[in-house]
Structures are given as structure tokens and as C-alpha cells.
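Colleague: Following this message is one structure expressed as C-alpha cells.
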Amino acid sequence: MRNLKPFLLLLSLLGLPACTGMKQTAATMPGQVARHFSLERKQVLAAQYLLFLPAGYGADSAKRWPFILFLHGAGERGSDLQRVARHGPPKIAAADASFPFILVSPQCPEGKIWSNDLLLALLEEIECKYAVDAHRVYLTGLSMGGFGTWSLGLSHPERFAAIAPICGGGEWITPLLADKASLVSLPIWAFHGAKDPVVPVGESERMVGMLKNKGVREVKLTVYPEAQHDSWTQTYSNPALFEWFLQHSR
């Protein structure tokens, strides 16, 4: 793995700064490396993250790449970034340099849960500094990250081309308060194990049913009959998910 070169971004209490400079000004070498990001409001919220740039990134300065924001589960919280690559897209990217997405996999600090404010600020930073196709920004996560995916994706549906929450759940108030036009046009593919003893499959069923009732045009749930809490291994090992992502743009 490359040397870890963390950087610090402090955002003012007045909000996010305008994006300045060219997207190609940041490090642009292909591969997955560590980065550091922080958001200052009443307190400093900080997260380190893995950044993956696919093979061929930077060869054509005009090319924009599809982007995935991946949210890990509770077991990967802490300060050891190697935990983040245990599952899902960062594990795939570490083994396959041709993975065709820019991928950012932040790490949630120990004892914390995902913060929408921090994730949105991180997304803004990545879109400013890297060659992200703003029309093809995708969100996925597992377990605690599945809850985070429901929360962030339904709170800000206009920011994503598609989302894929795995073995998570959400609050009914989130879609109720979301912008309806953006929400109904957000493609959603949820996954869950029928025998999940940690997060009952009813959590995903409830969210999908609620969204169908609100008129979301493309929302579906895949339930693995024999899977327990680990429904992510089967999901992320199936190329169909990533093909489905690439079929959608906003």
C-alpha cells in the first residue's frame, strides 16, 4: 500500500466553501490510499478515509468517472483504516485495480454513528478535487452503513443517481421530509438476509413498502432466504449491483 498522506480540511461555521481550482489538482495516481478530512462547525468532526482511483485515472483530463461512497458497519469503526477494507467495495478495489469507479470509504470513529453533515462535506470535497461525474454518484453501505445509506440517501436524494442499503433500516420521517420530486426519481435497491438476528429483515421491508407508497418509481428489495446478518458478501460479490449502478444517472 502507498504511504498514507492525510490532509486536513477545516470548513467554517458559515458553511461549505465554494469549490475552487481544477479537479485534477489533487493527487491523481491510480490505486487506493488513505486521506483525512474534517468538518468544523461547533466542534471539529473528522474522518479518515480510503480513496481509490481506478487504473487509467488521469490519462484523459476531460474524462469524468462514476463515483461510489461506501459506508462500513459498526465493527469497522475506529482508527485502523485496514478495517474499512475488510468488506465491500474497498475490498474489491484493493484486489482489482480495474474497478471502474472512484471510490471513497470513510471510517467512522469509535463510538460514533454516521454523520450526514460530515458525509455531505466529504462528498463536496471529493467532487471538487477529483474527476467525478456529478451525474453518476452512488451510495451504498452495510449494517450501520446501511442505516447511514438510508439516512443520507433519503435526506438528500438529489445528490445521488442510485443507492443500495444493505441490512439496514431508517426513520419514517426522513422520506416524509425529503424533496418529493428528487425522492420519487431515486433508484433504490435494498438487500437483507431473511434470518438476520441483528437487524430484522422487516426493517428493509418497512422502508421499501413506505417508499413504494410514496410513489418512488424504482425501489426493490432482494432477500436472501438463508442469509443471516452478513448479506453484504453475496451482494457485493455479484457484478449485477455495480452494473445496476452504472445504468443510472441523475
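Colleague: For region 171-221, enumerate the residues that are in a strand (DSSP E or B) and of a type outside the set (A, V, I, L, M, F, W, C). If you could, list the steps in order and put the result at the bottom.
Modeller: Restricting attention to region 171-221, the residues satisfying the condition of being in a strand (DSSP E or B) are 188-193, 219-221.
Passing the criteria: His192, Gly193, Lys220.
Colleague: Is it the case that region 187-203 has a residue that's crowded, with 20+ Cβ neighbours inside 10 Å, touching a residue at least 60 places away in the same chain (Cβ under 8 Å) and within 17 Å of the chain's Cα centre (by Cα)?
Modeller: yes
Colleague: For region 210-221, enumerate the residues that are among the small types (Gly, Ala, Ser) and surrounded by 13 or more Cβ atoms within 10 Å (Cβ to Cβ).
Modeller: none
Colleague: Being in contact (Cβ under 8 Å) with a residue 12 or more places away in the chain, β-branched (Val, Ile, Thr) and over 25 Å from Lys91 (Cα atoms): is that true of Val219 here?
Modeller: Criteria met by Val219.
Colleague: Which ones in region 222-247 are assigned to a loop (DSSP other than H, G, I, E, B) and surrounded by fewer than 19 Cβ atoms within 10 Å (Cβ to Cβ)?
Modeller: Pro225, Glu226, Gln228, His229, Asp230, Ser237, Asn238, Gln247
Colleague: Tell me which helices (runs of 4 or more DSSP H) are completely within region 56-162 and hold 1 or more residues being in contact with a His (Cβ under 6 Å, 6 or more places away or on another chain) and buried (at least 22 other Cβ atoms within 10 Å of the Cβ), or say none if there are none.
Modeller: Once the helices (runs of 4 or more DSSP H) in region 56-162 are filtered for at least 1 residues that are in contact with a His (Cβ under 6 Å, 6 or more places away or on another chain) and buried (at least 22 other Cβ atoms within 10 Å of the Cβ), what remains is 144-155.
Colleague: Does region 90-109 contain at least one residue that is touching a residue at least 40 places away in the same chain (Cβ under 8 Å) and among the hydroxyl-bearing types (Ser, Thr, Tyr)?
Modeller: yes
Colleague: Which of (1) more than 24 Å from Pro157 (Cβ to Cβ); (2) without any contact (Cβ under 8 Å) to a residue 40 or more places away in the chain does Gly31 not meet, given it meets every other one?
Modeller: Going through the list (1) more than 24 Å from Pro157 (Cβ to Cβ); (2) without any contact (Cβ under 8 Å) to a residue 40 or more places away in the chain, Gly31 breaks only (2).
Just so you know, all these numbers are worked out from the coordinates, no wet-lab data involved. Predicted model only: the values in this text are computed from it and were never measured. For neighbour counting, all protein chains shown are included, and Cβ atoms are generated from backbone atoms with ideal geometry for every residue, glycine included.
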